[in-house]
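The values are calculated or read from the model by the stated rules, or taken from the named source; none is laboratory data. Fair warning: this is a prediction, and the values are worked out from it, not measured in the lab. No Cβ is skipped: glycine too gets one built from the backbone with ideal geometry, and neighbour counts run over all protein chains shown. Calculation scope for accessible area: heavy atoms of the full protein, side chains included, ligands and nucleic acids excluded. Shrake-Rupley method; radii C 1.70, N 1.55, O 1.52, S 1.80 Å.
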Amino acid sequence: MKFLGSTGRSGLAVGAALLLAACSGGGGTAASSASPSAAATPFGTALDQALGPVGTAFGKATSAKSAYDLETALAGLASDANRAARNLNAATAPSDAAPARADLATALTTLATDTEAVRADITKHKLCAAGAGLAQFGAGQGVAGVSAALAKLTAAGYRTAFAVPELPKSPAQPRTLEHGTVVREGGKGGKGVVKVDNNGQTDAVFTIAANGTSVASVYAAKGQQATIEGIPDGLYDFYFTGGVDWDSGTKQFTQGCAFAKFTGRNDFTPDRGGTIWTVTLISPDGKSRPDIEWVDVNTFPQP
């Protein structure tokens, strides 16, 4: 501090006392030098307002129960991220926050672009589970860029309530089941038998259903034959799903999935020890098959 004019000893003492009071808390100790919260400045308020909707959109994405729910949530996240980027670019930032503000706006735009890539893969059935979609999204440059920019803003003294949530990670390698594993145990008490030849390009799960509900399911590895025995008499529909990376928790392939139903109902009528059916599983090839109908996951009974 620079003093102008002459000052006596008593004046210096008063000045020192005032300086001490300005730098001390109520308890007489020095005030904390911690950086202010974001909301303590006009720029901080603009930052919180821009990122609030992005945080809400992230919450919807991470709570999605299916790939289709995630696709919808990511559409909203893309819109909110782009809007936040525009608002941040329009906000007046102090010099110590300007570089990180620019980084954050760019990262939010990249984040929006990343959502479009994941949504496209969901539409094409390359990604078939919410966890798989979030894992791919989390590995993108947008998420990393937003986190890095927020860290720079924090270092500059501008903290926000928003933080990128922890997202699932892709498994180190695609998960499978041992060939012939029973996914749903329902083949008991009857004499019916189904032999399943998997001639498709991926592993598959074959399902027997009655009135839209799974009765029994078996895992059939690519190129192998699996069997379900003990099927009670009755009328059944046959389904199968193929793909990569079997998630036993959700009972679905998380990537490259396809869903099919065999046309017609299958009658298991007692006949010298029971009815025996043999079915062949294939992969989609763009050709019409009179015995197989490719269906939407929403009409497919969970194995």
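Overview of results
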read-out: Selected residue (criterion: nearest to Gly286 (Cα to Cα)) from residues of segment 204-245 that are in contact with a Leu (Cβ under 6 Å, 6 or more places away or on another chain) and aromatic (Phe, Trp, Tyr); value: Phe240
read-out: Residue within segment 178-188 that is in contact with a Gly (Cβ under 8 Å, 6 or more places away or on another chain), at negative phi and open to solvent by 80 Å² or more (accessible area, probe 1.4 Å) present; value: yes
read-out: Sole residue being under 25 Å from Ala67 (Cβ atoms) and aliphatic (A, V, I, L, M), chosen from Ala216, Ala226, Ala209; value: Ala209
read-out: First in segment 90-110 and farther than 12 Å from Leu150 by Cα, second anywhere and not in a helix (DSSP H, G or I), Cβ under 8 Å, 6 or more apart; value: Pro94/Thr41; Asp96/Ala156; Asp96/Gly157; Thr110/Gly140
read-out: Those strands (runs of 3 or more DSSP E) lying entirely in segment 255-303 with at least 1 residues open to solvent by 60 Å² or more (accessible area, probe 1.4 Å), within 23 Å of Gly223 (Cα to Cα) and of a type outside the set (Val, Ile, Thr); value: 276-281, 292-294
read-out: The lone exception for Ala149 - which of (1) free of Cβ contacts under 8 Å to residues at least 60 places away in the same chain; (2) under 30 Å from Gly249 (Cα atoms) it fails; value: (2)
read-out: Scan of segment 27-66 for residues that are surrounded by 12 or more Cβ atoms within 10 Å (Cβ to Cβ), under 18 Å from Arg119 (Cβ atoms) and at pLDDT below 95, ordered by number; value: Ser66
read-out: Residue among Val279, Val244 that is hydrophobic (A, V, I, L, M, F, W, C), touching a residue at least 24 places away in the same chain (Cβ under 8 Å) and under 29 Å from Pro171 (Cα atoms); value: Val244
read-out: Selection count where residues are touching a residue at least 12 places away in the same chain (Cβ under 8 Å) and either part of a helix (DSSP H, G or I) or open to solvent by 80 Å² or more (accessible area, probe 1.4 Å) (or both), scope segment 156-169; value: 3
read-out: Output for segment 238-254, where each listed residue is surrounded by fewer than 20 Cβ atoms within 10 Å (Cβ to Cβ) and in a strand (DSSP E or B); value: Val244, Asp247
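Residue by residue, here is whether (1) modelled with pLDDT under 95; (2) in a helix (DSSP H, G or I); (3) surrounded by 20 or more Cβ atoms within 10 Å (Cβ to Cβ); (4) of a type in the set (Phe, Trp, Tyr) holds:
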site	(1), (2), (3), (4)
Ala120	no, yes, no, no
His125	yes, no, no, no
Phe137	no, yes, yes, yes
Val146	no, yes, yes, no
